[in-house]
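Novice: This structure is in structure tokens; I'll ask about it shortly.
The values are calculated or read from the model by the stated rules, or taken from the named source; none is laboratory data. All figures in this text were calculated on a predicted structure; none of them were measured in a lab. We place every Cβ from the backbone using ideal geometry, glycine too, and count neighbours over all the protein chains shown. In case anyone asks, the SASA skips ligands and DNA or RNA and just uses the protein heavy atoms, side chains included. Shrake-Rupley method; radii C 1.70, N 1.55, O 1.52, S 1.80 Å.
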Amino acid sequence: MAVENAGHAPSGSEYILHHLTNLTQGEGTSALHLDSVFFSVLLAVLFVGSFALVARKASVTKPGKFQLFVEVLVDFVDTQVRDSFQGTSKLVAPLALTIFCWVLLFNFMDLVPVDLLPKAGEAFGIHYMKVVPSTDLNITLGMSLTVFLLCMFYSVKIKGAWGFAKELLTHPFGPWMAPFNLLLNFIEHLARPVSLGLRLYGNLYAGEMIFLLLAVLGGSFALASVTGIGAVIGQLILGTVWGLFHILVIPLQAFIFMVLTIVYLAQAHETHH
Amino acid sequence: MNINLTLVVQMMVFAIVIWVVMKFIWPIILGAMNEREAKIAAGLAAAEQGQKDLSEAKSRADEVIKEARTRALAIESQARTQANQIIEEARKAASLEGEKALASAKSQIELESNRARDALRGQVVSLAVAGARRVLEKEIDQKAHGELLDQLAAKL
């Protein structure tokens, strides 16, 4: 907390609001969240870079420890894809791997102490910084919308424009219920990217919020009240518990995002008869 | 939370990352894994084949050894019989030779003894004649009693 610099101690809500504000360039819909994009790209470079390093030096007979780690991830994703996706696609498995690793890295940013990077940023004159990209709805919806577009693309590509339209009109209740079918499918297809993006965003946003609240609790020590010591101990204990619990949430949300993507793409590839 | 340009930027970044992973990462890593899998399977198969070959070679070697042993035994027994035969032949030849030598010695002895007997006989006859002449003085005419003397000599 910028207690000393600000001259006056920020209230709890001020502190939280500050931490939930993106570093924004521009106004309205043409605004850009520089911090979200920066960390998103940074983590993408970390993921792609480390995996590319392994791919470049991939050894068949003498895999290193990191290569084995990467291979475990690849094998895990490959198994998931083969379990739910029948048929062949050069896209689905790499897409699933990208989603799993990237979202995992997004979510792990949540375990970085809430003030560490913003404080460091402040030293360089950056006053707003949200370090967890998956707590930015733009990021999660950006990914889920990409998945949605891929689903639409493959639906049309596999079934043909007419086949896809027929499926929208006749599935699931037959041709006599066409308007109802269309409405139902419309809602279903649109609900998918929204729920996919909101689920990840909601989970991580809530997690971040808890960490911020715990930081506010510990921060009341700065108010020099008698209960300050107890508040710090409270933050330590509760923060540890929440952090440990959050370690479960982090891979779980990445996994859910990946599995749902695979399922949606599998349905896009399926033809109903 | 306001939706803005960040979403579009994220979609573009996402698309690029997917493309890179699809093009340069996934196939290479999975390819290495599959290749290793195939290699391990081939290695195990080769090991199994090697084991099979080994046991086959062992049984073949056993067979060869067994055959060699029986052949050696056959050769040995053959050699033994041959040796016995040779010894037998040698013995036969030796005994034959001995017999021949014995026979020739015997005949020689007989010849010698016959000759000696003849000589002795003649001497005895002449001795007897001489003695008789001494006893009878001239009464014995060699010519008159020649037949008698010959008979005597033949009887001796």
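Novice: Once you average over the residues of A:46-53, how many Cβ atoms of partner chains fall within 10 Å of each Cβ?
Specialist: Working: counts 0, 4, 6, 0, 1, 7, 6, 1.
For this peptide, the per-residue mean of nearby foreign Cβ atoms is 3.
Novice: Oh, and also: For the range A:1-137, what mean projected area does the convex hull of the alpha carbons give, in nm²? Mind dumping the intermediate values first?
Specialist: On the way: hull surface 48.7 nm².
Average projection, Cα convex hull of the range A:1-137: 12.2 nm².
Novice: Say R0 is 22 Å: what FRET efficiency, to the nearest 0.05, do A:A206 and A:L17 get from their beta-carbon distance?
Specialist: 0.85
Novice: Hand me the tally of lysine pairs in the range A:12-269: alpha carbons under 19 angstrom apart, and the pair either on different chains or 8 or more positions apart.
Specialist: For the range A:12-269, qualifying lysine pairs total 5.
Novice: Among the aspartates and glutamates, which fall within straight-line cross-link reach of B:K155, defined as a Cα-Cα distance under 18 Å, with same-chain neighbours fewer than 8 residues apart omitted?
Specialist: B:K155 reaches B:D118, B:E147.
Novice: Going by alpha carbons, how many degrees (0 to 90, nearest 10) lie between the helix axis of B:5-20 and the longest principal axis of chain B?
Specialist: 10
Novice: Could you calculate the FRET efficiency of B:K58 with B:F24 from 1/(1 + (r/R0)^6), where r is the beta carbon distance between them and R0 is 45 Å, rounded to 0.05?
Specialist: 0.30
Novice: Show me, for the range B:85-101, the HN-Hα J-couplings you get by feeding each phi into the Karplus relation (A = 6.51, B = -1.76, C = 1.60, θ = phi - 60°), rounded to Hz, glycine and proline as x.
Specialist: With the stated coefficients, the range B:85-101 comes to 4, 4, 4, 4, 4, 4, 4, 4, 4, 4, 5, 4, 4, x, 4, 4, 4 Hz.
Novice: Enter the buried accessible area of the A/B pair, total of both sides, probe 1.4 Å, in Å² rounded to the nearest 100.
Specialist: 3400
Novice: Here's another thing I want to ask about it. In nm, give the distance between the simple-model label positions of A:I158 and B:I3, each being 7 Å from the Cα along the Cα-to-Cβ direction.
Specialist: 2.6
Novice: Compute the distance in nm between two label points, each set 7 Å from the Cα along the Cα-to-Cβ direction, one at B:I87 and one at B:A130.
Specialist: According to this spin-label approximation, the distance is 6.1 nm.
Novice: What is the pair-distance distribution P(r) of the range A:9-77, computed from all Cα-Cα distances in 10 Å bins starting at 0, with each bin given as a whole percent?
Specialist: That works out to 17, 27, 21, 18, 14, 3, 0, in percent per bin.
Novice: Taking only protein heavy atoms into account and a 1.4 Å probe, give the accessible area per residue of the protein assembly as shown in Å².
Specialist: That works out to 61 Å² per residue.
Novice: For helix B:146-155, what angle does its Cα long axis make with the longest principal axis of chain B, in degrees from 0 to 90 and rounded to 10?
Specialist: 40
Novice: With each run of n ≥ 4 DSSP H residues scored as -39500 (n - 2.57), what mean residue ellipticity at 222 nm is computed for the protein assembly as shown after dividing by its residue count and rounding to the nearest 500 deg cm²/dmol?
Specialist: -28000 deg cm²/dmol
Novice: Please give the helix A:137-170 orientation as an angle from the longest Cα principal axis of chain A, in degrees from 0 to 90, rounded to the nearest 10.
Specialist: Computed tilt is about 10 degrees.
Novice: What's log10 of I(q)/I(0) for chain B at q = 0.09, 0.12, 0.13, 0.18 Å⁻¹, Debye sum over Cα points only, no solvent?
Specialist: Values returned for q = 0.09, 0.12, 0.13, 0.18 Å⁻¹ are -0.78, -0.91, -0.95, -1.13.
Novice: A further question follows. Provide, for q = 0.14, 0.22, 0.26 Å⁻¹, the log10 of I(q)/I(0) from a solvent-free Debye sum over equal Cα point scatterers in the range A:225-271.
Specialist: Values, matching the q order: -0.55, -0.77, -0.86.
Novice: Can you give the convex hull volume per residue for the Cα atoms of chain A, as a whole number of Å³?
Specialist: Convex hull volume per residue, Cα atoms: 177 Å³.
Novice: Which order do the peptides A:170-180, A:71-81 come out in when sorted by mean C-beta neighbours inside 10 angstrom, highest first?
Specialist: For the peptides A:170-180, A:71-81, the packing ranking is A:71-81, A:170-180.
Novice: At a Cα cut-off below 23 Å, give the lysines reachable from B:K52, other chains included and same-chain residues fewer than 8 away excluded.
Specialist: Answer for B:K52, where 23 Å is the Cα cut-off: B:K39, B:K66, listed by chain and number.
Novice: A follow-up question, please. Using r as the Cβ-Cβ distance of B:T70 and B:A41, and R0 as 51 Å, what FRET efficiency do you calculate, to the nearest 0.05?
Specialist: Working from the Cβ atoms, E equals 0.70.
Novice: Separate question: With the contact rule set at Cα under 8 Å and sequence spacing of 6 or more, what percent relative contact order holds for chain A?
Specialist: Averaging sequence separation for qualifying contacts and normalising by length gives 25 percent for chain A.
Novice: For B:K106, which aspartates and glutamates qualify as cross-link partners when the Cα separation must be under 15 Å and same-chain residues fewer than eight apart are set aside?
Specialist: Once the sequence-local aspartates and glutamates are set aside, what remains near B:K106 is B:E97.
Novice: Round to a whole number: what % of the accessible area of the protein assembly as shown belongs to carbon and sulfur, probe 1.4 Å?
Specialist: Details: 17660 of 26170 Å².
Answer for the protein assembly as shown is 67 percent, counting heavy atoms of protein chains only.
Novice: Can you work out ³J(HN,Hα) from phi for every residue in the range A:107-120, in order, using Karplus 6.51 cos²θ - 1.76 cosθ + 1.60 and θ = phi - 60°, giving whole Hz and x for Gly and Pro?
Specialist: 5, 5, 4, 5, 8, 5, x, 4, 9, 4, 6, x, 5, 4
Novice: Could I ask something else about it? Once you order the gyration tensor axes a ≥ b ≥ c over the Cα atoms, which shape class does the range A:172-273 get: rounded for a/c under 1.5, otherwise prolate or oblate by comparing a/b with b/c?
Specialist: Prolate, because a/c is 1.5 or more and a/b exceeds b/c.
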